[in-house]
Amino acid sequence: MADALLGVAFENLISLLQNEFSIISGISSKAQKLSTNLELIKAVLEDAEKKQLTDRSIKVWLQQLKDAVYVLDDILDECSIKSNRLKGSSAFKPKNFILRHKIGNRLKEISSRFDEIADKKNKFLLQEGVTAKELTVEVAEWRQTSSIIAEPNVYGREDDKEKIVDFLINQGSNSNSLSVYPIVGLGGVGKTTLAQLVFNDQRVRSTTNFDTKIWVCVSEAFSVKRILCSIIESIKSEKCDALDLEVIQRKAQELLQGKRFLLVLDDVWNKNEELKFGLSQEKWNQLKSVLSSGSKGSSCLVSTRDEVVASIMGTCQAHRLSGLTESECWLLFKQYAFGHDREEQVEVVEIGKDIAKKCGGLPLAAQALGSLMRSRSGEKEWLEIKESNLWDSQSDNHVLPALMLSYSYLTPTLKQCFSFCALFPKDAIMLKEVLIHLWMANGFISSRKSLEVEDVGSMIWNELCQKSFFQDIKMNTYYGDISFKMHDLVHDLAQSIMGQECFHLESANKISLSKSTHHISVYLDDLLSIDEGAFKKVESLRTFFQLNQYPKKNHYYFPTNRFLRVLSTSFINVVPSLGSLIHLRYLELSHLDIESLPDSLYNLQKLEILKIKFCDKLSFLPKRLACLQNLRHLVIESCFSLSRLFPNIGKISCLRTLSLYFVSLEKGNSLAELRDLNLGGELSIIGLENVGSLSEAQEANLMCKKDLQELQLSWKIRSDESTKTSAINAEQLLEVLQPHSNLKRLRIDYYEGLLLPSWISILSNLVYLNLWNCNKCVRLPSFGKLQSLKRLHVWKMDNLKYLDDECQDGVEVGIFPSLEELYLMDLPNIEGLLKVEKEEMFPCLSELSIDHCPKLALPCLPSLKELTVWQCNNELLRSISNFCCLTRLTLKDGEGITSFPEGMFTNLTFLQTLKIFGFSKLKELPNEPFNLALEHLSISNCDELESLPEQIWESLQSLRSLKIVNCKGLRWLPEGIRHLTSLAFLDIIECPTLKERCKEGTGEDWDKIAHIPKLNIC
C-alpha cells in the first residue's frame, strides 16, 4: 500500500519539477533531492511490505513513511493549486515571493523527515528489488490439501454437495466433452471441504460413474507439468520421474485414454501482475488438450477464490459457495470447543454462541476459534475472546494467513482500494458508485489512455468482486444502483492492514485518533459527543465521511482540516469555511437549512464531485461555478426550491454527470449548453417551456449521449406554478429530444401534446417508464412491444382509454412481455389495459396499483401477486376473485360500498396479507370460509361495520396479526378469535366499544384474546 501512495507522490513531484513555477521559485533543487531520496526508499519497499507481517518495527517504519508521504502530497498539491492561480503574474510580486518562501520551507522540513526515514531503513537490512511473489511450483506444506476429509462432522453443505453430485452423474456424464464445474468462494469458506465431500460420495466413488478419481492441490503456481505428474502418480501409484513435458503429456494421455475420470483441481489462482505463475488461458488450453483424451462423461471439479478462473475453465455456471448459517457455525464451533470428551458448560454456551457469530459463517474461523476455546474453561476467558477482535487472539490459526494470501497477490492499486473500505463500519451496505468516487477523490485511481477514471474504478471494483472480497452484490433492477457488503472477517483484514489510518468513529469513549489517522467515517449521533481535542493529533486528514446525513440537532464544533480531499456532511457551520478547503475533490452537502452557497466555492479548483441533497431552501447556486474546470459529477437531489443552476455549464468539458438542468431564457442557460457534454447516469431537464427553437433542442445532442441511463423531461420547474405558453409545439420539441437507445429509465412530466413520440416504442433497453400529468394525451405509442420494460407508471391523463390500443389484423400486438409493476393513477376514462385482449398478456406482471380509475375493467392476470386499489367500485371488486395467485391485497376508499361481492375472497388461496381501509359505509364482511394462508389482516376506518363474521375464523389458523383501527361501530369480537392459536399480535385502536369489552380481566371479550402474546388496545 505504501508503494501505491509513493507512486502518486512521485507523479506529483515529477509534475512539480516540470512546472515553470518550481524553476522560477528556486524550489526545484529541493524537489530534486527529495525525489532521489524517495527513489532509494522505493527500491526496498517490496521487501519491507513482505517483512512487516512478522517484524513490528518494519510495520511502524512503513507507517511513518506513509504519514510523511501524505504530508508531502499535501505540499505538492498546494503547490500545484497556487501555481495555477499565479499563472501570468510576475514572480517578483511580494505575494508570490512569500508563497515561494513558504513552500520552500515546507519542502525543506519534509525532506529532513524523509532523511530520517531513509536512515532508519538501513537498520532493517532490507533488500533492493526483491520480488516477493516469486514461487516454486511446489505447494507450501500448510497449503497442501488431499481428498481425505479431516473434519469429524461437516455442517451445512448437504445441499451444495447434492447439487454438484447431481451435475457430475447426470448432466456431466452425458457430455461428450470435458465438463468443468467451478466452486467459487472466499478463502476459508469451505471450498476444499465441499470438494472432499463430493469426491468421497458413494455415488461418485462407484466405478459405474467414474473409472478413476484424481485429486491435485494446485495452489498459486499453475504448473501444467506438475499437475500432469500428479495425475500420473495418482493413477499408477508411483513417482513420476520424467523431466520432459512432451514425455509427461504423452504418458498422461495414455493413462486417461478411454477412461471416464473425475479430476479435482483444488485452490486454483489466476495469473496477474503480482502472481506470474498463476492460471492463464494458454496454460489451461495446454492442460485441457491432455484431459480431453478421457472418455465421454469425464469431469473436472475446480475450487477457486477468483471468478476469472471460473470463467476461463468452467463449462457451466460457477457454484458460489456462501457461509454457514449461525446455527451451523455454532455446531462446528462447538465441535472444536468441547469435542466428544468434554461436556458443554452451561455458563459459557451463550457466550460461545456470540463468539460463533463473530465467524460470519466462515468455517475456517469457527474451527480456529473453537480450537482456541478448547483450552479455556473459565467464563472470564470466554468473555475476553467474545469482546476481542479475531486477529487479536493469540492462537495458531490459519484464518488471517488464508485471507491475507488473497490480499498479498493484489496489485498495489487494488490493495489500496480494498483496504480503504475499512472506512465503512462492519455490515455496512456500500454503493459501488460512491466507493469509486471516494477512490477518485483520494487519488487512488486515475484515467488511462483509452479509459476514463470512472471506468478504471469500475474495473478495479469488478476485480475485487471476482476475488471474493465483496459479497451480497445486488443491482437495483429499476434504478441501476449496485450495492454490496464485505464479510466481517474481510473487513477485519482491511482494518488490520489500515491500522489507525482508517477509522470509523463509533463513540467518544473509543476515540484513539493519532497522527496516522487519515480517513474517518462517522454516524452523526456519535460525532455530537466528540470534542475538538480528539482531532488535534491528526496531521493530514483526507476523508471525513458522514454516513447518516439527517441532522437531529446542532453541533458547534466540526473537525475541518484544510487538507481534506473528501467531505460529506450535514453540518451547517462548515459552509462559511468551504472556500478554505482548497484540496477538496469530493464535496457532499445535505439537509442544510440554507438559501444559497458561498461564492468561495470558486476556490475549490480541484473539485471533481459535488453533491447537494435535501437542501429544501436552496434557491440558487453561485453564478460562476463553471470556473470549476475539473468538475466531473454534479449531483443535485431533492432541492425543491432550486429554480436555476449557473450559466455556461457547457464550458465544464469533463463533466460526466449532471443530474439536474434548468432551461431558462437567460444567456448561458439554453439546451445548447448540453451539446458537447459526454453525460452519463441521470439527467433531468426542467423548464422545457423555455426552449426558444427546435434547433436549440437539437443542439442538446441527446441522441449521442450513449452513457445516459436515466432521462427526465419536464415542461414545468415546479408543480405549483401555472402552465406557461411554450414558444415551441410540444410534440415537435419532444420528437427532436430523442435519446440514445441505451436509455433505461424515462420520465415525461407536464407534456402538453396529444400524442407521444414514436421513438419511445423503439427504446429497446428501457426498463422504467413514468408518464406524469400528460393531460392532453389521447393515446400511447405501442409500449407493449418494449421487451425490457419492467415498470410502467401512468398518472393523470384524462383522455386515455387504453395503455396499448394498437392492433394488427384484429390481433393485439403489444403484450408487455417483461412488465412486472404497473401503476395507474387518476385516469378517469381508462376502460381497459389493452383494447384487444388475448390469453398471453402481461405474463410477468406481479404488482398492480390502481387509483381513481372508475371505468377500468381488469382482465385475468395469472401472475399477479400484489394488488392495491384506491377508489374501489363493485366492478373492480368482482374481478379480484380471478387473481388466484394474489399474496397481498390492499383495498382503500370504497365510498358507497356496503358489502363485498359474494365469493370475492374464496379463490384467493395464496393470500397472505389483506388490508381494508376507508370503507365508511361497509356493513359486513363475507360470512364464508376464508383461505388457510392468510397471515395478516387489517381493517381500518370502516365506521358502519358493526360485527365481524363468525364463520371465517375457523379457517384462519395461519393468522399471525390482526389490526382493527377506527371502526367505531364494532360492538364485539367474534367467538372464533379464541381459537386462533397462531395469532401473535392484536391491535385495537380507536374502537371505543371494543376497547371497553377488551379490558384486561374484566372486559366481556377478554377471555377471547387473553391467549394472544402481544396486545395493543388503546
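Any read-out appearing in this document is the output of simple, stated calculations on the displayed coordinates, not a laboratory observation. None of these values were measured; they are calculated from a predicted model. As a convention, Cβ positions derive from the backbone with ideal geometry for all residues, glycine included, and neighbour counts pool all protein chains shown.
Shape call for the range 553-652 from the C-alpha gyration tensor, a ≥ b ≥ c root eigenvalues: rounded (a/c under 1.5), prolate (a/b greater than b/c) or oblate? Walk me through the numbers before you get to the answer.
Numbers: a/c = 1.83, a/b = 1.11, b/c = 1.64.
Oblate, because a/c is 1.5 or more while a/b does not exceed b/c.
Estimated from the Cβ-Cβ distance and a Förster radius of 35 angstrom, the FRET efficiency linking His979 and Glu902 is about 0.90.
Classify the chain: rounded, prolate or oblate, from the alpha-carbon gyration tensor (a ≥ b ≥ c, eigenvalue square roots; a/c under 1.5 rounded; otherwise prolate if a/b is larger than b/c)? It is oblate, given that a/c is not under 1.5 and a/b is not larger than b/c. Thr1002 sits among other residues whose Cβ lies under 14 Å from its own Cβ, and their net charge, with Lys and Arg +1 and Asp and Glu -1, is -1. Per-residue Karplus couplings for the range 907-924, computed as 6.51 cos²θ - 1.76 cosθ + 1.60 with θ equal to phi - 60°, are listed in order as 7, 7, 6, 9, 5, 10, 10, 10, 10, 10, 9, x, 9, 5, 9, 5, 9, 7 Hz, Gly and Pro entered as x.
Placing unit charges on the Cβ atoms only, positive for Lys and Arg and negative for Asp and Glu, gives the range 916-971 a dipole magnitude near 240 debye about its Cα centre.
Taking other Cβ within 10 Å of each residue's Cβ, how do Val794, Val60, Val154 sort, fewest first?
Values: Val794 23, Val60 14, Val154 19.
Least crowded to most crowded, the residues run Val60, Val154, Val794.
Based on Cα contacts under 8 Å between residues 6+ apart, the range 633-742 shows a relative contact order of 25 percent.
For Ser327, what charge total do you get from the other residues with a beta carbon under 13 Å from its beta carbon, if Lys and Arg give +1 and Asp and Glu give -1? Charge balance in the 13 Å sphere: +1. Counting only DSSP beta bridges whose two residues both lie in the range 754-864, roughly 10 percent are antiparallel.
Residues whose amide H falls under 5 Å from that of Asp804, counting only those 5 or more places apart or on a different chain, are Lys835, with hydrogens built in the peptide plane. Under the convention that each Lys and Arg Cβ holds +1 and each Asp and Glu Cβ holds -1, the size of the dipole of the range 821-864 around its Cα centre is about 160 debye.
With the charge dipole of the chain set up from +1 on Lys and Arg Cβ and -1 on Asp and Glu Cβ about the Cα centre, the Cα lying farthest toward the positive end among the listed residues Asn442, Val663, Ala730 is that of Asn442. For Ile636, the residues 5 or more places off, or on other chains, whose built amide H falls under 5 Å of its own are Ile612, Ser659, Leu660. Close amide H pairs (under 5 Å, H built 1.01 Å from N) link Cys300 with Ser179, Val180, Tyr181, Leu263, residues at least 5 positions away or on another chain.
Extension gain, Asn285 to Asn476: 0.36 nm times the residue separation minus the Cα-Cα distance gives 65.0 nm. Listed by Cβ neighbour count within 10 Å, with the fewest neighbours leading, Phe210, Phe563, Phe620 appear as Phe620, Phe563, Phe210.
One Cα centroid belongs to the range 208-258, the other to the range 456-489; the line between them spans 38 Å.
Only Lys, Arg, Asp and Glu count, each charged at its Cβ (+1, +1, -1, -1), so figure out the dipole size of the chain about its Cα centre, rounded to 20 debye.
Working: 119 positive and 132 negative charges, 661 e Å.
Once rounded to the nearest 20, the dipole reads 3180 debye.
Taken one residue at a time, the phi angles of the range 698-707 give Karplus couplings (6.51, -1.76, 1.60, θ = phi - 60°) of 5, 5, 4, 6, 5, 4, 8, 8, 6, 8 Hz. Gly and Pro are set to x.
Provide Arg656, Arg565 in ascending order of the number of other Cβ atoms located within 10 Å of each residue's Cβ, fewest first.
On the way: Arg656 20, Arg565 27.
Taking fewest neighbouring Cβ atoms as first place, the list is Arg656, Arg565.
Over the residues of the chain, the helix contribution to mean residue ellipticity at 222 nm works out to -9000 deg cm²/dmol, using -39500 (n - 2.57) for each DSSP H run of at least 4.
Along the range 251-265 the Karplus relation, 6.51 cos²θ - 1.76 cosθ + 1.60 evaluated at θ = phi - 60°, assigns HN-Hα couplings of 5, 5, 4, 4, 6, 8, 3, x, 9, 8, 10, 10, 10, 9, 9 Hz to successive residues, with x for each Gly and Pro. Contact order, relative form, for the range 754-864: 23 percent (alpha carbon pairs under 8 Å, 6 or more residues apart, mean separation divided by residue count).
What percent antiparallel are the DSSP beta bridges of the chain, to the nearest 5?
5
What does the C-alpha gyration tensor say about the overall shape of the range 198-330? Classify as rounded when a/c is under 1.5, otherwise prolate if a/b is larger than b/c, or oblate.
Values: a/c = 1.86, a/b = 1.20, b/c = 1.55.
Verdict is oblate for the range 198-330.
Of the trypsin sites (Lys or Arg not before Pro) in the range 850-917, the ones in a loop by DSSP (not H, G, I, E or B) with at most 16 other beta carbons within 10 Å are Lys855.
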